[in-house]
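K.L.:
Below you will find the structure I want to go over with you.
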Amino acid sequence: MLIRGVVSSPVRGVVGSGFGGDTFSLDAFMASQSAGFWYNFLRDDTMFQKDVGPTPADGPNEVIGLALSQRLWGGQTRTGYLAGQPELVANGDFASGLDNWADAGGNGSAVVVGGVLQITEGTSREERRQVLTVVAGRTYRISATLGGSLPVLYLGSTTSGANLGNIQATGERFITATTTTLSIRLQTLNTLGSGLTATFDDISVREVSQVPATQSTTSFKPKFQTTGAAFDGTDDNLLTNYTAGSGANFMIAKVVVPASLAETQVIIGANAALDAGRVRLGITTAGRLRLSVEGVDLDGSTDLRGQTVVVGATTDPVSGQVRTFAGSSQQAASAAAAALTTTIPLRIGARNNDGAAANFFGGSIQHVLAGREFIDLARFNQIANALGA
Amino acid sequence: MTINVIGIATAAAVTNVNLVLQAMGRGPGNISRKATTVADPAWDATPTHYFMSDQGVTPEFQAQLLGFANGDLPPLPEGVVWGEEGVISAQDALAAIASPNFSFASFSGAFTPGEQVQASLDALGLHVIPFPEI
């Protein structure tokens, strides 16, 4: 698989090694964060056109409805990372017959023939079911091989739910768990009493990303470009489920800044009602990098309009310091015991104004990262260099 | 060559226009940005219109929007039926997409999204309601 723009670093994937000097690994650094994300909008295996997949967004102007964070992928492809993740479905290949697949009703039949489950419809709905334990907020890849007459695999956040969608043909789907339960229910859509049979095999659920960025409204979806995700500056944005931590934080993005801006545009940000807990990294009409947090609006000194540049900000309520960076220099620093909102998740390409998107970014975003560490210029430069600054 | 669309709905019609777009499988609330006929509006001005920007649409979607002007309802995804299970009725949909409730302009990729918005709103004598200064 062709992977465009996978970030290379000298010792990629050496988790737990030192991060300084010549051995800095951005993969290892990001993996060491207690929480965070890393969206790489230059790759062709992290983005999908719908918020549940599975059609990739990897061609020019294809809309992006789902972006997966590669923070924990250790430099691997999505396929490679998934291969190393624990399989959550027990006996998904039916090698052990019907073990682990509970009889959830119906008077048809459910038998395993040659390692394939066959469900034949009776006069009441035949169902086999397995309930998995998952982590709320994390994204899982579900895949299955389905055949026969009208198979359906329902996904739900409760033992009997179907609120997370369904699969009706061989393929995959991405869902973000809303509770600690994920139910998989195997049925057919055949008319009751039809006696028709559907087949099921290779059912798999694996965690693929801890922090998804999604958009379900078509006109709000940014577009894939080989130069990064293009945001239109009018209504495009992606919503993460990541909130800043109560301690130290950083946000970094490699962006193509618009040549002109009619108002301040936010690359990444969030605030609660009445601007409480605001954290916004954006570009002013004069092209200056602006970090807005409680107590200070910190503007940089460099005009970034029209530039492809790595920008960043970091905050630490303990030391009461905030800093911004652009290119290879520190743009500004100030004392501010900024407590960032820990309830409103960050949006990308806009600020999350207590749930609504506003102040849209009208440029391209190639990478955007967040984590929970107060960084200095040396660390920022290591990250920027790894992003190809 | 990309096809880019700026869609504009009156404030009175925007809810139902959005329901039509949602029925087409485009998700909720597609048209969301505020505009007004009053020049130099403040951030809290009352919108008379709403608009959307959709960059890189398919020729099929562009043709469906053209069909709106002809009173043609767009095709719906499989399993979606006008007036059933929360989907807007065909009658209300037709009223929503009729001129002047909904207008759109399409542009080639030679124009930036900002230029497209400006040209479209200018044509209707509209002005973007800005966000509060941050």
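The values are calculated or read from the model by the stated rules, or taken from the named source; none is laboratory data. Keep in mind it's a predicted model, so treat the numbers as computed, not measured. With ideal geometry, Cβ positions are generated from the backbone for all residues, glycine too; neighbour counts draw on all protein chains shown. With ligands, DNA and RNA removed, areas are computed over all heavy atoms of the protein, side chains included. Shrake-Rupley method; radii C 1.70, N 1.55, O 1.52, S 1.80 Å.
K.L.:
Against the definition (more than 14 Å from chain A (Cβ to nearest Cβ), exposed (fewer than 14 other Cβ atoms within 10 Å of the Cβ) and modelled with pLDDT under 95), how does B:Pro100 come out, yes or no?
P.N.:
Considered against the rule, which asks whether it is more than 14 Å from chain A (Cβ to nearest Cβ), exposed (fewer than 14 other Cβ atoms within 10 Å of the Cβ) and modelled with pLDDT under 95, B:Pro100 comes out as yes.
K.L.:
Could you tell me how many of the residues in the range B:35-48 are surrounded by fewer than 15 Cβ atoms within 10 Å (Cβ to Cβ) and either outside any loop (DSSP other than H, G, I, E, B) or within 14 Å of another protein chain (Cβ to nearest Cβ) (or both)?
P.N.:
The qualifying residues number 4.
K.L.:
Only one residue in A:Thr324, A:Thr264, A:Thr285 is of a type in the set (Ser, Thr, Tyr), touching a Leu at 6+ places or on another chain (Cβ under 7 Å) and under 25 Å from B:Pro41 (Cβ atoms), so which one is that?
P.N.:
From the options A:Thr324, A:Thr264, A:Thr285, the qualifying one is A:Thr285.
K.L.:
Looking at the range A:255-291, which of its residues are in a loop (DSSP other than H, G, I, E, B), within 11 Å of chain B (Cβ to nearest Cβ), within 16 Å of A:Ala358 (Cα to Cα) and not polar (S, T, N, Q)?
P.N.:
A:Leu261, A:Ala262, A:Glu263, A:Arg278 - these are the residues of the range A:255-291 that are in a loop (DSSP other than H, G, I, E, B), within 11 Å of chain B (Cβ to nearest Cβ), within 16 Å of A:Ala358 (Cα to Cα) and not polar (S, T, N, Q).
K.L.:
Taking the stated definitions as given, is A:Ala339 more than 13 Å from A:Leu281 (Cβ to Cβ), modelled with pLDDT of 95 or more and over 18 Å from the mean Cα position of the chain (by Cα)?
P.N.:
No.
K.L.:
Just give me the residues in the range A:67-84 being in contact (Cβ under 8 Å) with a residue 40 or more places away in the chain and open to solvent by 40 Å² or more (accessible area, probe 1.4 Å), in sequence order.
P.N.:
Those that are in contact (Cβ under 8 Å) with a residue 40 or more places away in the chain and open to solvent by 40 Å² or more (accessible area, probe 1.4 Å): A:Leu72, A:Gln76, A:Thr77, A:Thr79.
K.L.:
From the list A:Arg138, A:Arg128, exactly one residue is out of contact with any Cys (no Cβ under 8 Å at 6 or more places or on another chain), over 16 Å from A:Leu88 (Cβ atoms), modelled with pLDDT of 95 or more and open to solvent by 20 Å² or more (accessible area, probe 1.4 Å). Which is it?
P.N.:
A:Arg128
K.L.:
Can you tell me which of (1) more than 14 Å from chain B (Cβ to nearest Cβ); (2) modelled with pLDDT of 95 or more; (3) open to solvent by 10 Å² or more (accessible area, probe 1.4 Å) is the one A:Gln49 doesn't meet?
P.N.:
Checking A:Gln49 against (1) more than 14 Å from chain B (Cβ to nearest Cβ); (2) modelled with pLDDT of 95 or more; (3) open to solvent by 10 Å² or more (accessible area, probe 1.4 Å), the one that fails is (1).
K.L.:
A follow-up question, please. Quick one: is B:Gly56 among the small types (Gly, Ala, Ser), closer than 30 Å to A:Gly282 by Cβ, without any contact (Cβ under 8 Å) to a residue 60 or more places away in the chain and in contact with a Lys or Arg (Cβ under 9 Å, 6 or more places away or on another chain)?
P.N.:
Considered against the rule, which asks whether it is among the small types (Gly, Ala, Ser), closer than 30 Å to A:Gly282 by Cβ, without any contact (Cβ under 8 Å) to a residue 60 or more places away in the chain and in contact with a Lys or Arg (Cβ under 9 Å, 6 or more places away or on another chain), B:Gly56 comes out as yes.
K.L.:
Only one of these conditions is not met by A:Gln33: (1) open to solvent by 30 Å² or more (accessible area, probe 1.4 Å); (2) under 21 Å from A:Ile268 (Cα atoms). Which number is it?
P.N.:
Among (1) open to solvent by 30 Å² or more (accessible area, probe 1.4 Å); (2) under 21 Å from A:Ile268 (Cα atoms), the lone unmet condition for A:Gln33 is (1).
K.L.:
For residues in the range B:57-81 being under 15 Å from the mean Cα position of the chain (by Cα) and of a type outside the set (A, V, I, L, M), which is farthest from the other protein chains (Cβ to nearest Cβ)?
P.N.:
B:Gly67
K.L.:
Quick one: which residue in B:Ala105, B:Ala95 is within 14 Å of chain A (Cβ to nearest Cβ), open to solvent by less than 80 Å² (accessible area, probe 1.4 Å), aliphatic (A, V, I, L, M) and outside any loop (DSSP other than H, G, I, E, B)?
P.N.:
B:Ala105
K.L.:
Looking only at the range B:49-58, decide whether some residue is open to solvent by 50 Å² or more (accessible area, probe 1.4 Å), out of contact with any Asp or Glu (no Cβ under 6 Å at 6 or more places or on another chain) and charged (D, E, K, R).
P.N.:
no
K.L.:
Let me ask something else. Name the residues in the range A:242-257 that are more than 24 Å from A:Val135 (Cβ to Cβ) and open to solvent by 10 Å² or more (accessible area, probe 1.4 Å), would you?
P.N.:
A:Lys254, A:Val256
K.L.:
Against the condition within 25 Å of A:Gln210 (Cα to Cα) and among the acidic types (Asp, Glu), how does A:Glu126 come out, does it pass?
P.N.:
no
K.L.:
Any residue at all in the range A:83-105 that is assigned to a loop (DSSP other than H, G, I, E, B) and within 14 Å of another protein chain (Cβ to nearest Cβ)?
P.N.:
So far as the range A:83-105 goes, no, none of its residues is assigned to a loop (DSSP other than H, G, I, E, B) and within 14 Å of another protein chain (Cβ to nearest Cβ).
K.L.:
Now for a separate question. Could you tell me which residue of the range B:59-84 is surrounded by the most Cβ atoms within 10 Å (Cβ to Cβ), considering only residues that are aromatic (Phe, Trp, Tyr) and in a helix (DSSP H, G or I)?
P.N.:
Among those that are aromatic (Phe, Trp, Tyr) and in a helix (DSSP H, G or I), it is B:Phe68.
K.L.:
Restricting attention to the range B:108-134, which residues are free of Cβ contacts under 8 Å to residues at least 12 places away in the same chain, within 14 Å of chain A (Cβ to nearest Cβ) and assigned to a loop (DSSP other than H, G, I, E, B)?
P.N.:
Passing the criteria: B:Thr112, B:Ile134.
K.L.:
Here is a further query. Out of all the residues in the range A:218-241, which are part of a loop (DSSP other than H, G, I, E, B), open to solvent by 20 Å² or more (accessible area, probe 1.4 Å) and among the small types (Gly, Ala, Ser)?
P.N.:
Matches in the range A:218-241: A:Gly233 only.
K.L.:
Of all the residues that make up the range A:202-217, how many are at pLDDT 95 or above, away from every other protein chain (no Cβ under 14 Å) and outside any strand (DSSP E or B)?
P.N.:
Matching residues across the range A:202-217 total 1.
K.L.:
Test of understanding: among A:Asn107, A:Asn100, which residue is within 19 Å of A:Leu186 (Cα to Cα), among the polar types (S, T, N, Q) and at pLDDT below 95?
P.N.:
A:Asn107
K.L.:
Step by step: first the residues of the range B:1-34, then only those that are within 11 Å of chain A (Cβ to nearest Cβ) and small (Gly, Ala, Ser), then the one that is nearest to B:Val80 (Cα to Cα). Which residue is that?
P.N.:
So, considering only residues that are within 11 Å of chain A (Cβ to nearest Cβ) and small (Gly, Ala, Ser), the one nearest to B:Val80 (Cα to Cα) is B:Gly25.
K.L.:
Can you tell me which residue within the range B:12-34, out of those that are outside any loop (DSSP other than H, G, I, E, B) and touching a helix residue (DSSP H, G or I) at 6+ places or on another chain (Cβ under 6 Å), is most open to solvent (accessible area, probe 1.4 Å)?
P.N.:
Top of the filtered list is B:Asn16.
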